[in-house]
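See below for the structure under consideration.
The values are calculated or read from the model by the stated rules, or taken from the named source; none is laboratory data. These numbers come from a predicted model, not from an experiment. Cβ placement follows ideal geometry from the backbone for every residue including glycine, while neighbour counts extend to all protein chains displayed.
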Amino acid sequence: MQSNITLQILFILYVLSFFYGNVYSQASNKKEGNTFLDSLAHKLKLEEWETDELPCLESVLNVLENVKNHTLWATWIWNANALPSGNLYGSYRHYASYDQCLKPPWLHTHPKLKTQYCFTDFLLSEEDDVKTIADYDPMESTMEYINSPSPSGFPMNHIMWGVCLPAACSPPAVSKLTRVVYEAATFSSIASDVTVKHCQEAGETLPYSTGFYIFIALVLTLVTTAVVSTCYRMHVPTEKQSSNNIINIVTKSFCIIKNQEELVKVNKDEIHVMNGIRFLTSSIVIGVHVMMYVSVAGISNLLDVDMFLEGVGGLFLHFDLFVDTFFTMSGLLHIKGLLKRRQNLFGVLWKRYIRLIGPFALIVFYLISVSKHFSPGPAWIGLEETDVCEKYWVKSLLMMNSDVKHICHTVSWYLPCDYQLTILGTLLFYFYQKNKSIGFVSYAVVAVFSMVIPGVLTYLLQLPGVLFSEYGKYIIRYRETWEFSFIYTAFYSRASTYLVGVAMGYLMHLYKPDDHRNSISKKWSVIGVAVSFIIMSVTMSLGYILMQRGRFPIEASIIAATNRIFWAAAICCIIGMCEYGTVPIVSNILKWPVFTPLSRLSYGIYMTHSLVIQRYKLAQRSPHIFDMFCLVYDGMGILAMSIGLSYAMWLFVEAPLINITNHLFFNKSNGKETDTSPDGNGILLHQNGIAKTKNSLNEVDPDRSHDDNGIRYQSGITKTKVL
């Protein structure tokens, strides 16, 4: 027994002898250059650095060394960075930790440790190497995939990356650092120069400019004037308000109660069906712009957008047609108003300009002086609207700006386009007024050119028939897309739809709806509306069809020349059938009384909604998620806020400016009643027609004994109501 125990002990000692030897820690066995941080530091030292860039290099090397020692301040900087991820699935914007970089707890106690957040932009491959069609072979090189755009044209080789670095680094040094770190960490290369879009230092705040204080003072003055004017007219006897002194003009113009009444008032000559069309179109446009800004700010699951566009979403690729609805109504209402009575044509254009410029000028002022103080978040970095507004605001306010690179406020391209078309329509009316034959010939010539010019440009420039059939290519960097200025924002690209509206307005003048109600049977009215919806659906689906078929130059040019005409004709047919016939359900919906004030707020909704979208979407710290429910949810919230802002714009800016304009320029005798309603063009409509002053802009139609409001003319002088 004792011998067995002895043998067991000897066996155990024998086994343990194999494990006998010196024990070393794992850390001491490592070589100095084997860590990633050491390798990165070595690569940084191999770069060529200018003398003024050496402090940056030393600061970065100091950070890396302290990260190895787990020093908090250095680890804080290192942890605030994150490598781009998901870019193979289309996520091209990578923000890292913006707040951690710029808000360390020791920001004010240790200024030497100050950091900065820089947003960089680079390409993983040369533009010339990018293929025209997607090529996904899992056995090929990764670069083959990166060089292949997504099916809808999203570039896969483009990356925008936010990095957190010491404040000592200049933009050229940041460019070198970004390249070295990315290439070392991803085992890949960057083909282009790294562009530093912007750098923001921790604790940096923009000083408030004089313009900021002027804007705030202006807004407060407008609101105060409106409130005081309302109180004045509520408490001052009516007989003291009848004279046209400056106090009465101002108080009447700014009276909130009066302007509120004008907003909800139903007018005799109003085309009620257009109220619903206008507001519903504005709502759809908001949804489209939500998707646009989400794409610009970055989507983490971008290829899901492609899958959506390859399915049912592709049917909406020609979404820009919704804006043509506004141009169609603009042409209809403008020519209808001109034919209604003789007017000073220069006065019409001046009134039109004044009514456009008020809200637009206020928004331009906001973008230049205020928006940069309310723009937190990395997605705002690189947004060029403030800089563009500062350089080209004069050109924008003069309605001469259709170049997408110079447009102040992205959606405002509509204003110069519409105003230029208004000038065109007025010129055609002038020819018609002088000689009907010349007018019709001029209209025909312009109509032909409105089709030929877009078609020829599409063919010569080798553009797709529907621009957004390559959605990804034209949306991400829209300001750098020169095609927009030639085929999208230029007035001649929208002239065809405007002229269709002009023709419809002329017909509605000849055959006034009040005199021809129910002249079209219910059967043909329903058929006409049904055919119109079919035409609109087919026209809208052209984007999807062209995306699937590819480019055929002749086909593309024909589509570019004619497709908008079919859409405009369908819109006019719906309006006509609802006005001259009986269309159940559709007519009832579009004539819903709620749409009357909402329609009159459409201009303000259009002008303010993109500001709301920018503030909401570009303040986020991470790429967005493409999800249809989320987009609809966001769109409804933005629509509600835009309605509120538009309502405020109407009470404090639009209506007062309209009233003052009427008093100063279009009321030559005392006591005339003016109407706050502006002339009706597209989204800018408030009463579906020319605003009524009781004089005919200093000219009287000798052939009429009564105007449309029953005011009798006597010897060429209008009798006016006394307030």
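When you look at MET156, is it within 28 Å of the chain's Cα centre (by Cα), farther than 22 Å from LEU64 by Cβ and at pLDDT 90 or above, yes or no?
no
For the condition under 21 Å from the mean Cα position of the chain (by Cα) and surrounded by fewer than 18 Cβ atoms within 10 Å (Cβ to Cβ), what is the one hit in ILE299, ILE277, ILE284?
So the residue among ILE299, ILE277, ILE284 that is under 21 Å from the mean Cα position of the chain (by Cα) and surrounded by fewer than 18 Cβ atoms within 10 Å (Cβ to Cβ) is ILE284.
Taking the conditions exactly as written (farther than 20 Å from ILE565 by Cα and either in contact with a Pro (Cβ under 9 Å, 6 or more places away or on another chain) or of a type in the set (S, T, N, Q) (or both)), does SER442 satisfy them or not?
For SER442, the condition - farther than 20 Å from ILE565 by Cα and either in contact with a Pro (Cβ under 9 Å, 6 or more places away or on another chain) or of a type in the set (S, T, N, Q) (or both) - is not met.
Let me spell it out: the conditions are (1) in contact with a Gly (Cβ under 9 Å, 6 or more places away or on another chain); (2) modelled with pLDDT of 90 or more, and ALA490 meets all of them except one. Which number is the exception?
Every condition holds for ALA490 apart from (1).
Which one of these is within 24 Å of the chain's Cα centre (by Cα), assigned to a helix (DSSP H, G or I) and touching a residue at least 40 places away in the same chain (Cβ under 8 Å): SER525, SER622, SER599, SER532?
After applying the criteria, what remains is SER599.
Quick one: is MET307 closer than 30 Å to MET156 by Cβ and either part of a helix (DSSP H, G or I) or touching a Cys at 6+ places or on another chain (Cβ under 8 Å) (or both)?
yes
All but one of (1) out of contact with any helix residue (DSSP H, G or I) (no Cβ under 9 Å at 6 or more places or on another chain); (2) closer than 28 Å to GLY313 by Cβ; (3) among the hydrophobic types (A, V, I, L, M, F, W, C) hold for ILE487; which doesn't?
Condition not satisfied by ILE487: (1).
Taking the conditions exactly as written (surrounded by 12 or more Cβ atoms within 10 Å (Cβ to Cβ) and not assigned by TED's automatic domain parsing to the domain that holds CYS101), does THR238 satisfy them or not?
When the stated conditions are applied, THR238 does not pass them.
Out of the residues in region 77-121 meeting the condition of being in a strand (DSSP E or B) and under 27 Å from the mean Cα position of the chain (by Cα), tell me which one is nearest to TYR136 (Cα to Cα).
ARG93
Of the conditions (1) part of a helix (DSSP H, G or I); (2) touching a Ser or Thr at 6+ places or on another chain (Cβ under 8 Å); (3) closer than 30 Å to VAL612 by Cβ, VAL404 satisfies every one except a single condition; which number is it?
It is condition (1) that VAL404 fails.
Would you pick out the residues in region 125-144 that are under 18 Å from ILE299 (Cβ atoms) and at pLDDT 80 or above?
Across region 125-144, there are no qualifying residues.
What helices (runs of 4 or more DSSP H), lying completely within region 413-486, carry at least 1 residues that are at pLDDT 95 or above and of a type outside the set (Asp, Glu)?
Once the helices (runs of 4 or more DSSP H) in region 413-486 are filtered for at least 1 residues that are at pLDDT 95 or above and of a type outside the set (Asp, Glu), what remains is 414-434, 436-460.
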